[in-house]
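No value in this document is a laboratory result; all are computed from the given coordinates. Small disclaimer: the values here were computed from a predicted structure and weren't measured. Every residue, glycine among them, receives a Cβ derived from its backbone with ideal geometry; neighbour counts consider all protein chains shown.
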Amino acid sequence: MQQTETGLEPESVASPVESVARDEAIIQVDDLNKWFGDFHVLKSLNLDVRKGERIVICGPSGSGKSTFIRCINHLEAHQRGRITVDGVELNEDVKNIEAIRREVGMVFQHFNLFPHLSVLENCLLAPIWVRKTPRNEAIETGMHYLERVRIPDQAHKYPGQLSGGQQQRVAIARALCMQPKIMLFDEPTSALDPEMIKEVLDVMVELAGSGMTMLCVTHEMGFAKTVADRVIFMDGGEIVETAAPGDFFTNPQQPRTREFLEQILQH
Amino acid sequence: MTTDPRPLRPGRPKPWNDPRVRSVVFQILAIAGVAWVGYTLFHNTVSNMESRGISTGFGFLNETAGFGIIMSLIPYNETMSYGQTFLVGLMNTLLVSGLGILLATIVGFVVGIARLSSNWLVAKVALAYIEVFRNIPLLLQIFFWYFAVLGALPGPRQAVNVGDIAFMSNRGIVLPKPVFEPGAWVMGTGLVIALATIVVLAIWARRRQAATGRIFPVLPIAVVLIPGLPLLGYLLTGGPVSWDVPSLGGFNFRGGITAIPELGALLLALTLYTASFIAEIVRSGIVSVDKGQTEAALALGLPARRVLRLVVIPQALRVIIPPLTSQYLNLTKNSSLAVAIGYPDLVNVFMGTTLNQTGQAVEIVAMTMAVYLTISLAISVLMNLYNRAVALKER
Amino acid sequence: MATHQPLPDQPPPISQRGWLRWLREHLFSTWYNSVLTVVIGYWLISTFVPLINWAFIQAVFTGDGADACNPDGACWVFVEQRLGFFIYGFYPAEFRWRPNLVFALFALSVVPQFLPLPTTIRKWLAIFGITGLPLAAYFLIAGGHFGLESVPTSRWGGLMLTLILAYVGILAALPIGILLALGRRSEMPVIRGICVVFIEFWRAVPLITILFMASVMLPLFLPDGVTFDKLLRALVGITLFQSAYMAEVVRGGLQAIPRGQYEAAEALGLGYWRRMQLIILPQALKIVIPGIANTVISLFKDTTLVLIIGLFDLLGAVKSTLSDPAWSNVMAEGYLFVAFCFWVFCFGMSRYSHRLEKQLETGHRN
């Protein structure tokens, strides 16, 4: 993209990928602002995500990227702005929130599997109590997704008996069992030993190939290069730069982005 | 160079440096010490009892007691045996412990949850309750309720009148007593039918959910049915229950059920004291469930109350139940403070009056302690089984 | 493309700011929270305003007797008039300087522990507190040596007796508890068995039955002619009872020490007692400070039970005064006074243990 000399570009950084037509967007975020006490964590975020789009969000710690995706399924409440997911606006209405959460799966940094339930039961809980699926059908779906994450043989073990990588794959299967339209990943590999990161990323790459809408907060730049449609760089609670991965890594526009990439790609 | 023909074996240490020899000697000494102490105590006791002319054995249990007891759950009068006084005391201990455990659990859970309330005022009031009641000796609390509160109530003639049906005076609390007339069995049957229906319904609802996925609201139906069916029976049979309402006659009340002030004070003190500990246990149990668990469950779309029932409570209970049972045991043991205000529990009746009258110290102390030991050991066994059943499976 | 300029921080919306936010979040976040706040606020005001009025504003603090009191206010005259009895029991008035001296020595060894003094001074004062102080206290309070007139234990009482029971009980229960805990984790089955039976027995029965046993059965256990002081019997009962609880607390700490620490200590070539003393116990005791504090607090509260076997501790002294017809209407004041005394001690100890726990938190949780 050419640098324009006029400087009259709108402040909201124009996406190199053509702007998404509003009606196509499955997630619309307008002027999202959030405060923790008096601390302004998210500042006027704007983002539209198309159906099937894969977005990677990166940035230094404390930049608000986790808070941002936690706002999308309302694990965090926002104070100003508008989030619309799959046509439903997120407000304080409990029914709306539950409806959105049914369609949005989430994978956490620390897995958060339910330790008192077996792997399979972890996968059955929500389909049975939220989707009201008959048990046998739920077991079928559960086993199907456990196969997709390649651990059907562990179905009757408990989370405490699995390795970190296996637990995270169960967590992905658990979210998929709800057959969500969107998946949020909150640093899914940060708590893993290096040799386990690949098995989780492989599952995520495969999922991306299936056409799932994905928002990933991650520092796995290799994953971003191969999978992402757009990479978003956040700093200080703002979106600093949005670019296709090719441009993002080879030709970052913002000095702050360059600095971050230098630090993270040094090794 | 000559080779040592002996096979290579670690050299034997000197016996007094050999840890195995040391350990065996030490243990033999310990057994000898315990045996010597036991023998001395036994010998002294036997010779002391001989010289005081106390006969040994449990024959005294069949002798006539000859003293009255102010409250008894089983038939009792002066002409009955010392053995019966043991049972009266035991029943009274079990009564006050059972009621105390029930009430302390309710109060403790309410306060423990209030402690975590998002409402600042509620949380602070709960905290103040906990810090006040757990830091004041139980015996003092018993005295306070017995002497300063219940004892300060007016006499029966000026009793505090609660809507003409219940009265509070320094003689205790008098409540109306239900009198069941012929036909009352219909109500009982109603209750049994309601309970049976709920059980059947629960099983059916579970099977149906497994088969079709539809959730059946058993709890609201139970809430309606369990009081509803007996009430229906009551109305259909034209009210076969009448109330024996207490009335003032002479210097005391006639009719109704009287809860003696000793029971009231002991129960109140045991409940409030133990509840302050239970509240802390409940609070820390709930806090021990990682926040990520709630978040993960919410993110799956589960409504808040299902998150509580399916994810938080099962995990919190594992942490809560073991210390909770030890509080139940403490409450049971603490109920023996009844002796300080004269509630006729096991220690007061049996280890007190019966022991004073018979002088059979060894037998009576042994029987009393055996009761508490049995309760404790039984609970410990149950607790170990429970812990083994719920232990989280780890690598 | 323009270089990105960070947006300035903005203050949160007005409803999310300052005391307004605090009120909204903490008292009126939902309609039911608002209702709760109002109901509880009303209840607090309607209960505590009259209570404070009674206890302080209308109360009479000094005077000559019950007649000086105001029927609408608390009669603290009672406490003022009988304070000597509440503190010393029947201890002869002319010898009260002796317990006073002990109190002063006690303060001398305890108060500096909370002051920023050099560690060596604090250490020596603490050592004095657990060795010299009990001895000095015994000779001073009991008398009978060094020209001090003997005062029998039957005349000891009040707060003095409560503190003696608690202090001696704690000093004895902690080491016995540690030994029992080590015994329970011993590799010798006989020792382990003896300790398990001992601990579980005392934990299973109520303290009151132990005190009864000490008063009715001890005379039977002992050879003819040997008698035991009543106070000593109570002390033995309380100590044995609480040492069993202490043992379980300490055992929890011993179990929490990782295997590697035991192995490392052994690899250093230290003997059993050295290993325990230098490596294992300092760590184990540190972990279980809250548990030890709880045991100490419950021992302190349990000292009140001695009144059932006829000793006049603080509660016993107040209770016996309340049966005096001259003070028949001050029941509530009497018990509230004792409750306040105990509460200050117990709450103080629990706060202190919290602070200690934080201070010693060196963050090596394995």
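Rounded, prolate or oblate: which fits the protein assembly as shown when a ≥ b ≥ c are the square roots of the eigenvalues of the alpha-carbon gyration tensor, with rounded for a/c under 1.5 and prolate only if a/b beats b/c?
Numbers: a/c = 1.87, a/b = 1.54, b/c = 1.22.
Since a/c reaches 1.5 and a/b is larger than b/c, the shape of the protein assembly as shown is classed as prolate.
Rank B:Asn17, B:Asn92, B:Asn135 by mean-square fluctuation in a GNM of chain B with C-alpha springs under 10 angstrom and give only the top-ranked residue.
Judging by the Gaussian network model, the answer is B:Asn17.
Under 10 Å, Cα contacts only: if you run a Gaussian network model on chain A, which one of A:Cys58, A:Cys216, A:Cys71 comes out with the highest mean-square fluctuation?
Taking springs between Cα atoms under 10 Å, the residue moving most is A:Cys71.
Rounded, prolate or oblate for region C:33-98? Axes are the square roots of the Cα gyration tensor eigenvalues, ordered a ≥ b ≥ c, and the cut-off for rounded is a/c under 1.5. Display every interim value, and only then the final one.
Details: a/c = 6.09, a/b = 2.36, b/c = 2.58.
It is oblate, given that a/c is not under 1.5 and a/b is not larger than b/c.
Other chains' Cβ within 10 Å of C:212-218 residues: what's the mean?
Numbers: counts 11, 7, 0, 1, 8, 7, 1.
Whole-number average of other-chain Cβ neighbours for C:212-218 is 5.
Between B:Ile215 and C:Ala326, how many nm apart are label points set 7 Å from Cα along the C-beta direction?
Placing both labels 7 Å beyond Cα along the Cβ direction yields 7.1 nm.
Would you mind checking the radius of gyration and Dmax of region C:173-307 based on alpha-carbon positions, in Å?
Looking at region C:173-307, its Cα Rg and Dmax stand at 17.2, 54 Å.
Which value, to two decimals, describes the C-alpha radius of gyration of chain B once divided by 2.2 N^0.38 Å?
Working: Rg = 29.6 Å, N = 395, 2.2 N^0.38 = 21.3 Å.
Ratio of Cα Rg to 2.2 N^0.38 Å: 1.39.
Counting only C-alpha contacts under 8 Å and six or more residues apart, can you give the relative contact order of chain B as a whole percent? Let's see the in-between values first.
Details: 435 pairs, mean separation 85.1, N = 395.
Taking the mean separation of contacting Cα pairs over the length of chain B, I get 22 percent.
Which of the aspartates and glutamates could a cross-linker bridge to B:Lys124, judged by Cα under 19 Å and excluding same-chain residues fewer than eight apart?
Leaving aside aspartates and glutamates fewer than 8 places away in the same chain, those within reach of B:Lys124 are B:Glu280, C:Glu25.
What ranking do A:Ile232, B:Ile203 get, fewest neighbouring Cβ atoms within 10 angstrom at the top? Could the numbers behind the result be given before it?
Details: A:Ile232 24, B:Ile203 11.
So the residues, fewest neighbours to most, are B:Ile203, A:Ile232.
With θ taken as phi - 60° and the coefficients 6.51, -1.76 and 1.60, list the Karplus ³J(HN,Hα) couplings across region C:36-43 in order, rounded to whole Hz; mark glycine and proline as x.
Each residue of region C:36-43 in turn: 4, 4, 5, 4, 5, x, 4, 4 Hz.
If I histogram all Cα-Cα distances within chain C using bins 20 Å wide from 0, what percent of pairs lands in each bin?
Whole-percent P(r) values from 0 Å outward: 20, 45, 27, 6, 1, 0.
What are the ³J(HN,Hα) couplings of region C:204-212, residue after residue, when phi is run through the Karplus curve with 6.51, -1.76, 1.60 and θ = phi - 60°? Round to Hz, x for glycine and proline.
7, 9, x, 4, 5, 5, 5, 5, 4
So if we plug the beta-carbon distance of A:Arg82 and A:Ala244 into 1/(1 + (r/R0)^6) with R0 = 25 Å, what FRET efficiency do we get, rounded to 0.05?
Working: r = 26 Å, r/R0 = 1.04.
The value I calculate is 0.45.
For chain B, the longest stretch holding no GluC sites (Glu not before Pro) located in a DSSP loop with at most 16 other Cβ atoms within 10 Å is which?
Here the longest run is B:79-393.
Can you list residues from other chains, or at least 5 along the same chain, whose modelled amide H is less than 5 Å from the amide H of C:Gly143?
Excluding prolines and chain starts, which carry no amide H, the hits are C:Val151.
What spacing in nm lies between the two simple spin-label points modelled at C:Val197 and B:Arg305, each 7 Å away from Cα in the Cβ direction?
In this crude spin-label approximation the distance works out to 5.5 nm.
Could you list which residues have their amide H under 5 Å from that of A:Glu241, counting only those 5 or more apart in sequence or on another chain, with H placed in the peptide plane?
A:Phe233
Report the Rg/Rh value for region B:291-395, based on alpha-carbon coordinates and the Kirkwood definition of Rh.
Working: Rg = 21.8 Å, Rh = 17.4 Å.
Computed over Cα atoms, the ratio is 1.26.
Among B:Phe42, A:His74, B:Ala316, which residue has its Cα positioned farthest towards the positive end of the charge dipole of the protein assembly as shown, with +1 placed on the Cβ of Lys and Arg, -1 on the Cβ of Asp and Glu, and the dipole taken about the Cα centre?
Farthest towards the positive end: B:Phe42.
Grab the beta carbon distance between C:Leu83 and B:Arg20, set R0 = 51 Å, and tell me the FRET efficiency rounded to 0.05. Intermediate values should be presented prior to the final figure.
Values: r = 63 Å, r/R0 = 1.24.
That gives a FRET efficiency of 0.20.
Per residue of B:375-385, how many C-beta atoms from partner chains lie within 10 Å of its own C-beta, taken as a mean?
What the average comes to for B:375-385 is 1.
At 7 Å along the Cα-to-beta-carbon direction for both A:Ile264 and B:Ile193, put a label point, then send me their distance in nm to one decimal.
7.0
Tell me what chain A gives for mean residue ellipticity at 222 nm when only DSSP H runs of n ≥ 4 count, each as -39,500 (n - 2.57), the sum divided by the residue total, rounded to 500 deg cm²/dmol. Mind dumping the intermediate values first?
On the way: 9 runs with 96 residues, N = 267.
That comes out to -11000 deg cm²/dmol.
Take peptide B:148-159, look around each residue's Cβ out to 10 angstrom, count Cβ atoms belonging to other protein chains, and average those counts. Could the numbers behind the result be given before it?
Values: counts 8, 3, 0, 1, 3, 0, 0, 0, 0, 0, 0, 0.
Mean shielding count: 1.
Rank these for me by crowding, A:Leu42, B:Leu225, going from fewest to most other beta carbons within 10 Å. Write out the running numbers ahead of the final one.
On the way: A:Leu42 26, B:Leu225 20.
Taking fewest neighbouring Cβ atoms as first place, the list is B:Leu225, A:Leu42.
Over region A:57-178, what is the relative contact order in percent, taking alpha-carbon pairs closer than 8 angstrom and at least six residues apart? Spell out each step's value before the answer.
Values: 119 pairs, mean separation 31.3, N = 122.
Relative CO of region A:57-178 lands at 26 percent.
Kindly provide the GluC sites (Glu not before Pro) of region C:58-156 that DSSP labels as loop, not H, G, I, E or B, and whose Cβ sees at most 13 other Cβ atoms within 10 Å. Walk me through the numbers before you get to the answer.
Numbers: sites: C:Glu80, C:Glu94, C:Glu149; in loops: C:Glu149.
Here the sparse-neighbourhood loop sites are C:Glu149.
Can you give the translational diffusion coefficient of region C:145-188 in µm²/s, computed by Stokes-Einstein from the Kirkwood radius over Cα pairs at 25 °C and 0.890 mPa s? Don't skip to the answer; put the middle values down first.
Values: Rh = 13.3 Å.
In µm²/s, the coefficient is 185.
Report the residues of region C:59-76 in range of a label on C:Ala93: point 7 Å along Cα→C-beta, backbone N strictly under 19 Å from it.
Zone members listed by number: C:62-66.
Mind checking which of C:Thr37, C:Leu23, C:His4 is farthest towards the positive end of region C:1-94's charge dipole, using Cβ charges of +1 (Lys, Arg) and -1 (Asp, Glu) about the Cα centre?
So the residue furthest toward the plus end is C:His4.
With springs only between Cα atoms under 10 Å apart, run a GNM on chain A and tell me which of A:His116, A:His144, A:His219 wobbles the most.
A:His116
Residues with amide H under 5 Å of A:Arg80's amide H, sequence separation 5 or more or different chain, H placed in the peptide plane at 1.01 Å from N; which?
Close amide H contacts, sequence-distant or interchain: A:Asn33.
Over chain C, what is the relative contact order in whole percent, taking alpha-carbon pairs under 8 Å and six or more residues apart? Kindly include the intermediate steps, with their values, before the conclusion.
Working: 345 pairs, mean separation 59.0, N = 366.
Answer for chain C is 16 percent.
Counting only pairs 8 or more places apart or on different chains, how many lysine pairs in chain A have C-alpha atoms closer than 24 Å?
The result is 17.
Taking the Cβ of each residue in C:Trp327, C:Trp19 as the centre, tally the other Cβ atoms inside 10 Å and list the residues starting with the fewest. Can you show the working numbers first?
On the way: C:Trp327 20, C:Trp19 7.
Least to most surrounded, the residues fall as C:Trp19, C:Trp327.
Given R₀ = 41 Å, FRET efficiency for A:Asn46-C:Trp54 by Cβ-Cβ distance, to 0.05?
On the way: r = 63 Å, r/R0 = 1.54.
In this case the efficiency is close to 0.05.
Karplus couplings for region A:103-118 from phi (6.51 cos²θ - 1.76 cosθ + 1.60, θ = phi - 60°), rounded to Hz, Gly and Pro as x?
9, 10, x, 9, 10, 9, 4, 9, 6, 6, 6, 7, x, 8, 10, 6
With unit charges on the beta carbon (Lys/Arg positive, Asp/Glu negative), name the residue among B:Gln360, A:Thr213, C:Leu299 whose Cα is farthest towards the positive pole of the charge dipole of the protein assembly as shown.
In the protein assembly as shown, that residue is B:Gln360.
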